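This report concerns only the one structure given below.
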Amino acid sequence: MSGGAYLLFRRFGCLWALPAKHVTAIFSGPKPEIHLSHATVPADEIVGVCAELQRVNPARTLGAFWPYPCQGLGVFAKEPMVVLLPDALPPLLCKGEP
Amino acid sequence: MKEQETNWSTVPVFGVVLSGLLGLLGFTGILVGTHYGLPRWILDTYFVVALGILGLYVGVVLQPARRMSRRFARIATHAEKAERAFDHVLKHLQAGDLVAAQEAARQLPPQVAPQFLAASRAVGALVQQILASSVDIAVAGQEVHNTASELASGSSEQAAAVVEITATMEELARTAAQIATNAANQADLAAQAEEAGTMGAAAVEDAVRGVEEVQKRISAIATRADSLGTRSREIYRVLDLITEIAQETHILALNAAIEATAAGEHGRRFSVVADEVRRLAERSRESVESVRTLLEEFSASIRATVVATEESSKEVAKVWERARAAAASIEQLRSAVSETAHAAREISLATQQQRTASDQVVLTLKEVSQVIQKMAEGLKAFSATAERLNQLALSIQLLTQSFHLDSPRSVKHIAQTLADALGSEAGHWEALDSTFTQALKQHRFLETAFLTDPEGNLVAFTVNPDLRLPDTAIPVAVGQNLSERPWFQAVMRDKRTTLTPVYTSLLTGQKCFTVAAPVHDPQGRLVGVLGLDVNAASWTKIVA
């Protein structure tokens with residue numbers, strides 16, 4: 001299943017994906033920042049833009065481990081990731097983390 | 001004197017006879033003349049003249065002659081008395097009995113008695129003075145003998161010591177020779193060591209210069225390494241700049257990709273370009289990282305080089321310091337070796353001189369040893385002479401003792417006094433031992449006191465208790481006949497106190513002499529002979 005391009009970034013050692021169309025800008029610095037229209041997500045590393053991402057919808061099982069709303073799980077270069085929902089970003093990933 | 005008296009008495013008788021003969025001759029002539037016619041008056045005149053001459057002769061010559069004869073008879077009597085007194089005195093003097101001589105001198109004529117008494121006292125004083133002087137000579141001789149004996153003994157010890165010292169000096173000379181040889185060898189070795197030290201100092205100086213050169217080169221390497229470090233930091237800055245540009249490029253490529261994604265289908269090409277740019281940026285970043293890694297390795301190598309050069313520089317500095325210290329030590333060692341060589345040469349010379357001096361000392365010591373041996377021999381002879389002097393002084397004392405002096409130092413006086421005491425108690429000799437013991441205690445130089453009867457049979461014999469001799473040591477026994485002894489025979493012959501020559505006592509084994517005196521009872525009869533054995537050495541000390 002494909003839903004457009006995704007921006008892949010690494011944070012806390014895991015690979016994450018955001019829909020590229022919701023990204024307004026990427027800023028470099030000591031830590032790259034991904035600016036969304038309503039939030040800023042710091043990243044350890046910007047992996048790149050993936051035009052085609054194999055994605056699966058979130059299942060009940062995923063909910064047992066990831067309580068936040070998301071678009072599902074994706075796989076890039078045999079590496080799994082969580083495809084984030086821009087409107088429901090986990091506070092853990094947002095700038096100003098606790 | 002009698003002859004003179006006879007001459008004087010015969011003179012008037014001779015005159016009378018001569019006158020008678022002349023008268024008879026004249027009378028005969030007158031008778032003849034008368035017979036032949038000579039006148040009678042001539043005969044008468046002749047008788048008158050003859051009678052007158054005879055009367056004149058009797059009055060003028062015969063009477064004075066008789067008076068002179070009586071006077072000469074009195075003088076002859078006095079002279080005979082004086083002669084007997086002189087004879088008595090001279091006999092006592094001949095016997096050496098000055099006490100009896102002085103007593104007898106009281107019978108001399110008053111004109112000569114005082115002079116004789118004065119002369120006798122002077123002789124007695126002289127004898128006592130001779131006795132005292134002989135005692136002093138004996139004491140001095142004994143002291144000289146002792147001192148000479150000690151000096152002789154000391155000289156012998158000195159001679160032995162000199163012999164030992166000579167042997168030691170000879171050993172010292174040999175040792176000095178050995179030291180001289182060793183010192184000469186030491187001087188040669190020191191000279192070789194000095195030469196080696198000079199060479200070593202030069203080598204160390206070369207090493208120091210080499211080390212300084214190494215230090216300079218290490219400093220140059222350090223400078224270059226530091227310069228490389230500086231250049232590396234510049235490269236780092238360039239790499240950082242490239243990395244930053246690559247990141248910016250990456251971000252820009254990502255943003256471009258995002259924008260291209262937002263552009264949809266139209267942005268796909270651009271997305272490809274952006275993705276390619278992003279890959280280039282990624283490769284640039286990777287290349288930069290590779291360069292950085294290489295540069296870090298290079299920097300690490302430079303730092304290691306710098307550290308190594310610093311450590312090398314420090315080590316070189318240490319080596320330089322050590323080399324300098326070694327050079328200074330070698331210099332000091334060379335100087336010390338030089339001084340040692342000099343000292344060794346001086347020691348060699350000094351020990352050679354010492355050997356020469358030791359040889360001279362040995363020769364001198366040998367001469368000293370000979371002198372000491374001669375001196376020891378001389379001292380022994382001197383000691384013998386002193387011993388002879390002592391014996392001579394003792395002989396003089398004995399000679400002086402041949403005089404009977406009224407002095408407690410006179411053994412004759414002691415013997416005679418004791419003999420007189422025994423004579424006064426003649427017939428009551430039950431306590432002779434106590435009398436003898438008392439006398440022996442009073443005169444400690446007496447070894448024994450003994451008494452014999454006139455036949456020489458021993459009546460009493462007492463040993464001085466201070467000698468502490470056992471009875472078994474007494475060589476005679478009461479009742480033994482001693483009439484053959486010289487002292488007994490001398491007393492019996494001379495009837496006076498006598499002294500024997502010095503002989504060795506059978507009792508003590510020391511030198512002694514015997515003084516023997518006749519013992520007379522109050523009636524003047526000889527009732528015994530008293531003998532006293534006098535220890536010569538003790539007597540000399542007592543007298544002194």
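Odds and ends about this structure:
- Across region B:351-416, the fraction of Cα-Cα pairs farther apart than 14 Å, rounded to a whole number, is 73%.
- For B:Gln192 and B:Ser153, a Förster radius of 60 Å and the Cβ-Cβ distance give a FRET efficiency of 0.55, rounded to the nearest 0.05.
- About its Cα centre, the dipole of the protein assembly as shown is roughly 2140 debye, where the only charges are +1 on Lys and Arg Cβ and -1 on Asp and Glu Cβ.
- For the protein assembly as shown, share of DSSP beta bridges that run antiparallel, in % to the nearest 5: 95
- For chain A, the normalised intensity computed at q = 0.10, 0.11, 0.23 Å⁻¹ comes to -0.23, -0.28, -1.32 (log10 of I(q)/I(0), Debye sum over alpha carbons, equal scatterers, no solvent).
- Rg to Rh quotient for region B:453-501, alpha carbon positions, Kirkwood Rh: 1.03
- Using distinct alpha-carbon pairs, which all enter the 1/r mean, Kirkwood radius of the protein assembly as shown in Å: 43.8
- For region B:315-384, convex hull volume per residue from C-alpha positions, Å³: 86
- Each of B:Lys441 and B:Thr168 was given a label point 7 Å from its Cα along the Cα-to-Cβ line. The distance between the two points is 5.8 nm.
- Angle between chain B longest axis and helix B:267-401 axis [Cα atoms, degrees, rounded to 10]: 10
- Surface/4 of the Cα convex hull for region B:275-354, nm²: 6.0
- Acute angle (nearest 10 degrees) that the helix B:432-442 long axis makes with the longest principal axis of chain B, alpha-carbon atoms: 50
- Region B:343-393 and region A:46-85: distance between their alpha carbon centers, rounded to Å: 131
- Note that region B:31-41 has calculated 3J(HN,Hα) couplings of 4, 5, x, 4, 4, 9, x, 6, x, 5, 5 Hz, one per residue in order, obtained from phi through the Karplus relation 6.51 cos²θ - 1.76 cosθ + 1.60 (θ = phi - 60°); glycine and proline are x.
- For chain B, the longest principal axis of the C-alpha atoms and the axis of helix B:113-262 are separated by about 0°.
- With only Cα atoms counted, region B:176-219 has Rg and Dmax values of 18.4, 60 Å.
- Each 5 Å bin from 0 upward holds the following percent of the Cα-Cα pairs of region B:337-460: 2, 7, 9, 10, 9, 7, 6, 5, 5, 4, 4, 4, 4, 4, 4, 4, 4, 3, 2, 2, 1, 0, 0.
- Inter-part distance where region B:420-483 and region B:139-167 are each reduced to a Cα centre, Å: 45
- For region B:88-216, the residue among B:Val135, B:Thr175, B:Ala196 whose Cα projects farthest onto the positive side of the dipole built from Cβ charges is B:Val135.
- Calculated [222 nm] ellipticity per residue, helices only, for chain B: -28500 deg cm²/dmol; basis is -39500 (n - 2.57) per DSSP H run with n ≥ 4, divided by all residues, nearest 500.
- Mean ellipticity per residue at 222 nm, deg cm²/dmol - from DSSP H runs of n ≥ 4 across chain A, formula -39500 (n - 2.57): -1500 deg cm²/dmol
- Rg ratio (alpha-carbon, reference 2.2 N^0.38 Å) - region B:2-95: 1.86
- Isotropic mean projected area of the C-alpha convex hull, region B:154-239 (nm²): 11.4
- Euclidean distance of C-alpha centroids, region B:245-261 and region B:12-45, integer Å: 237
- Rounded to the nearest 20 debye, the dipole magnitude of chain B is 3620 debye, with +1 charges on Lys and Arg beta carbons, -1 on Asp and Glu beta carbons, and the Cα centre as origin.
- The mean sequence separation of alpha-carbon pairs under 8 Å and at least six residues apart, normalised by the residue count of chain B, gives a relative contact order of 17 percent.
- Computed extension length for B:Val459-B:Ala122: 117.4 nm, one decimal, from 0.36 nm per residue of separation with the Cα-Cα distance subtracted.
- Kirkwood Rh, Cα atoms: Rg over Rh of region B:408-544: 0.93
- If R0 equals 35 Å, the separation of the Cβ atoms of B:Val16 and B:Gln107 corresponds to a calculated FRET efficiency of about 0.30.
- Relative contact order for region B:160-378, counting Cα pairs under 8 Å that sit 6 or more residues apart, in percent: 49
- Residues B:Thr452, B:Thr223, B:Thr249 arranged by fewest to most Cβ contacts within 10 Å: B:Thr223, B:Thr249, B:Thr452
- Descending principal axes extents, chain B, alpha-carbon based, whole Å: 264, 71, 36
- Region A:17-98: trypsin sites (Lys or Arg not before Pro) in DSSP loop, at most 15 other beta carbons within 10 Å: A:Lys78, A:Lys95
- Rg to Rh, two decimals, where region B:160-378 supplies the alpha carbon set and Rh follows Kirkwood: 1.70
- Extent along the principal axes, Cα only, for region B:285-414: 159, 39, 14 Å, with the longest axis given first.
- Among the listed pairs B:Lys216/B:Lys314; B:Lys374/B:Lys511; B:Lys91/B:Lys495; A:Lys31/A:Lys78, those whose Cα-Cα separation exceeds 23 Å are B:Lys374/B:Lys511; A:Lys31/A:Lys78.
- Förster radius 60 Å - calculated FRET efficiency between B:Arg224 and B:Arg269, Cβ distance, rounded to 0.05: 0.70
Every number here is computed from the coordinates shown, using simple stated rules; none is lab data. From a predicted model like this one, the values you see are computed outputs, not experimental measurements. Using ideal geometry, Cβ is built from the backbone for each residue, glycine included, and neighbour counts are taken over all protein chains shown.
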